[in-house]
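In what follows, a single structure is set out as structure tokens and then discussed.
The values are calculated or read from the model by the stated rules, or taken from the named source; none is laboratory data. Keep in mind that this is a model prediction, so the values were computed, not measured. Positions of Cβ are backbone-derived with ideal geometry, glycine not excepted, and every protein chain shown enters the neighbour counts. In case anyone asks, the SASA skips ligands and DNA or RNA and just uses the protein heavy atoms, side chains included. Shrake-Rupley method; radii C 1.70, N 1.55, O 1.52, S 1.80 Å.
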Amino acid sequence: IVRENDDVLEAIESTSARELALIDAALERIEQGVFGLCTRCAGEIDARRLQIVPYASHCRECAPGD
């Protein structure tokens, strides 16, 4: 059980670190004046997408896995 708890904590830590990195990247895009533009195609990211995922860096068409 202790090992399982360690695995869960490591997964939470990894997810949190990744999300913080995405937030930092979004803040950098705000500073650069390109927030809301897709980093792949430079098209506008839909406002609804940004409401759901405020640190989104790709439009729906360019999002990985879509």
Practice task
Only residues that are open to solvent by 70 Å² or more (accessible area, probe 1.4 Å) and touching a His at 6+ places or on another chain (Cβ under 7 Å): list them for the range 19-45, please.
Solution key: Thr39, Arg40
Exercise for the section: Please indicate, with yes or no, whether at least one residue in the range 27-38 is at pLDDT 95 or above, among the polar types (S, T, N, Q) and over 14 Å from the mean Cα position of the chain (by Cα). Expected result: yes
Handout entry: Count of residues meeting criterion [touching a Phe, Trp or Tyr at 6+ places or on another chain (Cβ under 9 Å) and either assigned to a loop (DSSP other than H, G, I, E, B) or loosely packed, with under 14 Cβ neighbours inside 10 Å (or both)] in the range 46-66
Key = 0
Practice task
Return the residue satisfying two criteria in turn: it lies in the range 1-18 and is open to solvent by 80 Å² or more (accessible area, probe 1.4 Å) and closer than 21 Å to Pro64 by Cα, and of such residues it is nearest to the chain's Cα centre (by Cα).
Solution key: Arg18
Practice task
Any residue in the range 1-21 that's at pLDDT below 95: show its pairings with residues that are open to solvent by 100 Å² or more (accessible area, probe 1.4 Å) and in a helix (DSSP H, G or I) at Cβ separation under 8 Å, as long as the two are six or more apart or on different chains.
Solution key: none
Practice task
Starting from the range 40-66, take each residue that is closer than 17 Å to Leu22 by Cα and list its partners that are open to solvent by 100 Å² or more (accessible area, probe 1.4 Å) and of a type outside the set (A, V, I, L, M), counting only C-beta distances under 6 angstrom and pairs at least six apart or across chains.
Solution key: His58/Arg40; Cys62/Arg40
